[in-house]
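Structure, as structure tokens:
Nothing in this text is a laboratory measurement; each read-out follows from the coordinates by a stated rule. Nothing here was measured: the structure is a model prediction, and the numbers come from that model. Glycine gets a Cβ as well: all are built from the backbone with ideal geometry, and neighbour counts include every protein chain shown.
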Amino acid sequence: MASTLTGANRHDVTQLLPLVDAAPPVAGKPGRPRRRFGIIQGDRAYHSDPHRRELRRRGSRPLLARRGAPHGSGLGKYRWPVERTLSWMHQNRRLRTRYEKRDDTHEAFMELAEAMICWSRLHGDFC
């Protein structure tokens, strides 16, 4: 899991490549840990040729919905884990409404919520 903290007036697409680069290696299988994703999915907001090229250069296949294409690309049925995880993070009052003025304090609460989500998922507390 990787996250970044930005201002509310920043567009999500500005954080696409930093988030892909911030993902830690995934261990578990024999051999060298994976440093890249096989497929990266995104909605119409992420559709641009420069981003597609950069994702391919990083060794990932971009599966991004195209602007102007009719709805029904099928990405919505795969996006629900992302929305569910954001919902779990917003169960924490301090993340739903930001009370901290300092970025490092808010980031610490974000990381704590991420750790709690991972812990709960590993131990079966969430359904």
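Remark on ILE40: its backbone amide H falls under 5 Å from those of ARG61, LEU63, a criterion applied only to residues 5 or more positions apart or on other chains, H modelled at 1.01 Å from N. Sparse packing (at most 12 other Cβ atoms within 10 Å of the Cβ) combined with a DSSP loop state is found for the following trypsin sites (Lys or Arg not before Pro) in region 24-70: ARG35, ARG66, ARG67. Scanning the chain for chymotrypsin sites (Phe, Trp or Tyr not before Pro) lying in DSSP loops with no more than 14 further Cβ atoms inside 10 Å, the longest uninterrupted stretch between such sites is 1-98. By the helix-only formula, in which each DSSP H run with n ≥ 4 contributes -39500 (n - 2.57) and the sum is divided by residues, the chain has a 222 nm mean residue ellipticity of -13000 deg cm²/dmol. For the pair GLU100 and ARG10, label points projected 7 Å from Cα toward Cβ lie 1.5 nm apart. Extension gain for SER87-ARG67 works out to 4.6 nm (0.36 nm per residue, less the C-alpha to C-alpha distance).
For the chain, the equivalent ellipsoid derived from the Cα gyration tensor has semi-axes of 26, 20, 16 Å, listed largest first.
Placing R0 at 25 angstrom, the Cβ-Cβ distance between TRP80 and ARG121 gives a FRET efficiency of 0.95 after rounding to 0.05. Were the residues from ALA2 through GLU114 laid out at 0.36 nm apart, the gain over their Cα-Cα distance would be 39.4 nm.
Using only the Cα atoms of region 1-71, each taken as one equal point scatterer with no solvent, compute I(q) by the Debye sum, divide by I(0), and report log10 of the ratio at q = 0.18, 0.19, 0.24 Å⁻¹. Normalising to I(0) and taking log10 leaves -0.77, -0.84, -1.15.
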